[in-house]
1. For segment 131-290, max minus min Cα coordinate along each principal axis, in Å, sorted largest first?
2. Quick one: plug the Kirkwood hydrodynamic radius of segment 170-239 (C-alpha pairs) into Stokes-Einstein at 4 °C, 1.567 mPa s, and report D in µm²/s.
3. Work out how far the C-alpha atoms of segment 90-201 reach from end to end along every principal axis, then list the three figures in whole Å, largest first.
4. Could you grab the relative contact order for the chain? Cα pairs under 8 Å, six or more apart, rounded to a whole percent.
5. Return 115, 172 ranked ascending by Cβ neighbour count within 10 Å, so the fewest neighbours appear first.
6. Quick one: 94, 100, fewest Cβ neighbours within 10 Å first, how do they rank?
7. Would you work out the Kirkwood radius for segment 1-121? I mean one over the mean of 1/r across all pairs of different Cα atoms, in Å.
8. Mind pulling the angle between the C-alpha long axis of helix 83-94 and the longest principal axis of the chain? Nearest 10 degrees, somewhere in 0 to 90.
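Derivation of every value follows stated rules applied to the coordinates shown; laboratory data play no part. What you see is a predicted model; the values in this text were computed from it and never measured. Here the Cβ is made from the backbone with ideal geometry for all residues, glycine too, and neighbour counts use every protein chain on show.
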Ligand code: UTP
């Protein structure tokens with residue numbers, strides 16, 4: 001069955017980015033001039049997704065507004081002849097069909113996905129975390145949909161990390177299945193270095209069969225009463241199998257301060273209007289430090 005729908009959980013509190021995220025959703029913090037979540041919706045649209053379901057919460061209305069039409073502003077830009085800005089504005093409201101559902105309280109990623117059950121219905125769907133950016137030639141979700149279509153099993157995105165960093169990630173283990181695909185037999189949340197089955201870390205992208213909702217209902221909330229998506233995925237792996245897809249591209253955790261800065265610099269260095277000055281500035285300040 002074709003993957004047509006995306007769920008983007010964006011109801012978290014963003015505590016690592018306080019005070020910036022007190023009144024502004026962290027998913028709206030811009031990488032230069034484009035909110036992080038817009039890159040994610042674009043990735044979904046470029047991967048063939050037609051319907052986007054945002055899971056939002058208190059104080060997250062700016063996300064919905066961002067993807068809505070703004071006729072008054074469009075008219076003004078049109079009158080002023082600001083064609084580039086007009087095109088950029090129109091892109092935000094035409095990338096995909098967008099709906100939203102509220103998560104009453106941030107009770108974990110698993111609970112956020114469960115909130116989208118009715119809107120997803122009985123079909124496979126992609127989950128893209130609202131603060132995880134992947135910059136790649138083939139959109140990350142597309143890479144995963146291709147693997148899903150090949151093996152007809154739920155798929156999680158994986159990326160190799162330095163061995164001494166495995167304890168900061170969810171880590172998977174399994175047997176190679178094909179090019180960049182693994183038949184998974186282990187999923188561990190933040191393992192000690194000596195317990196880790198590999199250095200393949202989970203990235204915030206998943207293709208899930210609708211049976212995930214049944215597994216989510218079976219798992220108990222973990223510490224902090226949060227329902228963990230990985231607990232339900234581990235059950236699914238044991239009963240139906242789960243495939244890992246080692247994706248290509250650069251990943252940025254924009255919910256983390258350093259990751260956010262990295263993304264701004266990397267994307268700035270790719271922009272023709274910014275790169276020359278940014279490169280010169282970085283050269284200057286690095287020289288001053290030596
Ligand atoms: P994070 O754990 O990175 O987000 O969840 P957070 O809780 O907002 O961040 P900190 O740790 O407090 O800084 C990854 C994604 O899942 C969403 C978040 O909005 C984020 O995009 N999420 C998380 C939900 O939608 N609901 C939740 O209950 C938890």
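1. In descending order, the Cα extents are 57, 34, 28 Å.
2. It comes out at roughly 99 µm²/s.
3. Principal extents (largest minus smallest coordinate, Cα): 47, 34, 29 Å.
4. 22
5. So the ranking, lowest neighbour count to highest, is 115, 172.
6. Working: 94 11, 100 19.
The order, fewest Cβ neighbours first, is 94, 100.
7. Working: mean 1/r = 0.0650 Å⁻¹.
It works out to 15.4 Å.
8. So the helix axis and the longest Cα principal axis differ by about 30 degrees.
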